[in-house]
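One structure is given below, encoded as structure tokens.
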Amino acid sequence: MFQQADRLKGLTSAIFTQVDTMRKQAIAQGQDVITLSLGSPDLAPAPHIVAAMKQALDDDLSYGYTLSKGTPDFLNAVTGWYARKFNVKLDPATEVHSLMGSQDGLAHIGLCLVNPGDVVLVPDPGYPIFFAGPLVAGAEIVTMPLKPENGYLPDLEAISPEVLKRTKIMILNYPNNPLAATAPRDFFVKVVELAKKYSFLVIHDFAYSELVFDGYRPDSFLSIPGAKDVAIEFHSLSKTYSMAGCRVAFVVGNAEVIALLGRLKSNFDYGIFHAIQQGAIAALNGPDDCIAETALRYQRRRDILVDGFARFGWHVERPKASMYLWAPVPTKQKSFDFVADLLKNTGVAVVPGIGFGECGEGYIRIALVQSEARLAEVAAHAEKWLAK
Ligand SMILES: *Cc1c(COP(=O)(O)O)cnc(C)c1O
């Protein structure tokens, strides 16, 4: 009876849905499934964060609309955090906006800046909302292949001037999901130059700024001189503070763009639940030990799998950041077929690289979202099955 609107036509999550259906079938058949497919943290927020939310629950005044910008205390906590972590100064009145998860911002920003036919440059492989948001806004998506030989950075010189002239937005994400790759500062400098030359907005998704290993620290895109003229940066509490279900995040940077997004959001939503904002404020104001502890946990998990796989000759890069391994398919199969076989033979559920774009073929993404003991089992199962 009902026909979908044209704008939904390009939206497809077919591969992720298929993998999840297989995973659920395996569970229903009684298989001991180890789920490393969804990038949702298995950890709890630190006690002081939970305490702040609980306290807010007991306050009668916590239950009204908060309005979409964020409470003054939330906005100040964000600017304090950015100054402390990245030495970037922000004006809480004009350069910060709260989000109901970065998804919210990434889904809606295209609607604020893109007219049908405008180009949005998107990394391939890339996080699915990078494609879906602009597509709904009517954008023409042009992919930027991220290849190992280029350090998983887009080849800026390979983008034609004709495309750059029509470009409204370039989306970047370092540390990267699904690649777990990082970007050097001089790459960001080149992007700022290019964005100024062609007057497009750079969106930097910085969700993994704190899940960093072995002493590595990534630069905020906004720490590049002139970046605020051309860029906004998204950060989320989902991974840093294990608050994915709370739906709390923020965008910072160019005041003009933040005002546009604010205008759209003030029409679309009425803000994040006050108790969750209180939790976010407690998180951002610190203490920061919980961040280091979380990062160390993911680092140990990373090592269990990387070392466990290497023992039988499956060589996977040891990433400096994120909560993923990006592993080459160790058989001659397509990524989807390998993932199906891996699940059937070992009970381990992961995501085929092809789900993140054509350039993801040949790889799988493994999310480090189970305990060390479970991951040791994963390595052992994989060895038993693959080292035959
Ligand atoms: C998990 C993740 C996010 C966080 O999204 P939220 O909506 O804030 O939970 C953003 N970007 C990337 C690349 C991610 O992997």
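The values are calculated or read from the model by the stated rules, or taken from the named source; none is laboratory data. The structure presented is a predicted model; accordingly, all values stated were derived computationally and were not measured. Cβ coordinates were reconstructed from backbone atoms using ideal geometry, including for glycine residues, and neighbour counts include every protein chain displayed.
Results, tabulated for the structure shown:
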| read-out | value |
| --- | --- |
| Near pairs, Cβ below 6 angstrom, 6+ apart or cross-chain, from segment 66-89 (modelled with pLDDT under 95) to any residue that is assigned to a loop (DSSP other than H, G, I, E, B) and of a type in the set (Asp, Glu) | 68/269 |
| Residue ID - nearest to the chain's Cα centre (by Cα), chosen from residues in segment 9-39 that are within 16 Å of the ligand (Cβ to nearest atom) and among the hydrophobic types (A, V, I, L, M, F, W, C) | 38 |
| Which listed residue, of 207, 244, is of a type in the set (A, V, I, L, M, F, W, C), within 11 Å of the ligand (Cβ to nearest atom), at pLDDT 95 or above and within 22 Å of residue 111 (Cβ to Cβ) | 207 |
| Options 180, 207; residue that is within 22 Å of residue 298 (Cβ to Cβ), in contact with a Phe, Trp or Tyr (Cβ under 6 Å, 6 or more places away or on another chain), touching a residue at least 60 places away in the same chain (Cβ under 8 Å) and assigned by TED's automatic domain parsing to the domain that holds residue 164 | 180 |
| Matching residues in segment 121-140 - criterion: being farther than 19 Å from residue 190 by Cβ, out of contact with any Leu (no Cβ under 6 Å at 6 or more places or on another chain) and of a type in the set (Val, Ile, Thr) | 136 |
| Filter pass, residue 304 being part of a helix (DSSP H, G or I), within 19 Å of the chain's Cα centre (by Cα) and among the aliphatic types (A, V, I, L, M) | no |
| Inter-residue pairs, beta-carbon under 6 Å, first of a type outside the set (Gly, Ala, Ser) and in segment 316-336, second surrounded by fewer than 18 Cβ atoms within 10 Å (Cβ to Cβ) and part of a loop (DSSP other than H, G, I, E, B), 6+ apart | 320/216; 329/362 |
| Residues being of a type in the set (Gly, Ala, Ser) and in a helix (DSSP H, G or I) - total across segment 351-388 | 8 |
| Helices (runs of 4 or more DSSP H) fully within segment 40-114 counting 3 or more residues that are within 16 Å of the ligand (Cβ to nearest atom) | 72-86, 102-113 |
| Where a residue in segment 110-137 is free of Cβ contacts under 8 Å to residues at least 40 places away in the same chain and farther than 25 Å from residue 175 by Cβ and its partner, wherever it lies, is more than 16 Å from the ligand (Cβ to nearest atom) and in a helix (DSSP H, G or I), with Cβ under 7 Å and at least six apart | 137/111 |
| Counted residues, segment 160-199 - those being within 11 Å of the ligand (Cβ to nearest atom), in a strand (DSSP E or B) and among the polar types (S, T, N, Q) | 1 |
| Matching helices (runs of 4 or more DSSP H) fully within segment 200-291 where at least 3 residues are surrounded by fewer than 21 Cβ atoms within 10 Å (Cβ to Cβ) and in contact with a helix residue (DSSP H, G or I) (Cβ under 6 Å, 6 or more places away or on another chain) | 274-285 |
| Out of 145, 116, sole residue that is surrounded by fewer than 19 Cβ atoms within 10 Å (Cβ to Cβ), modelled with pLDDT under 95 and over 19 Å from residue 68 (Cβ atoms) | 116 |
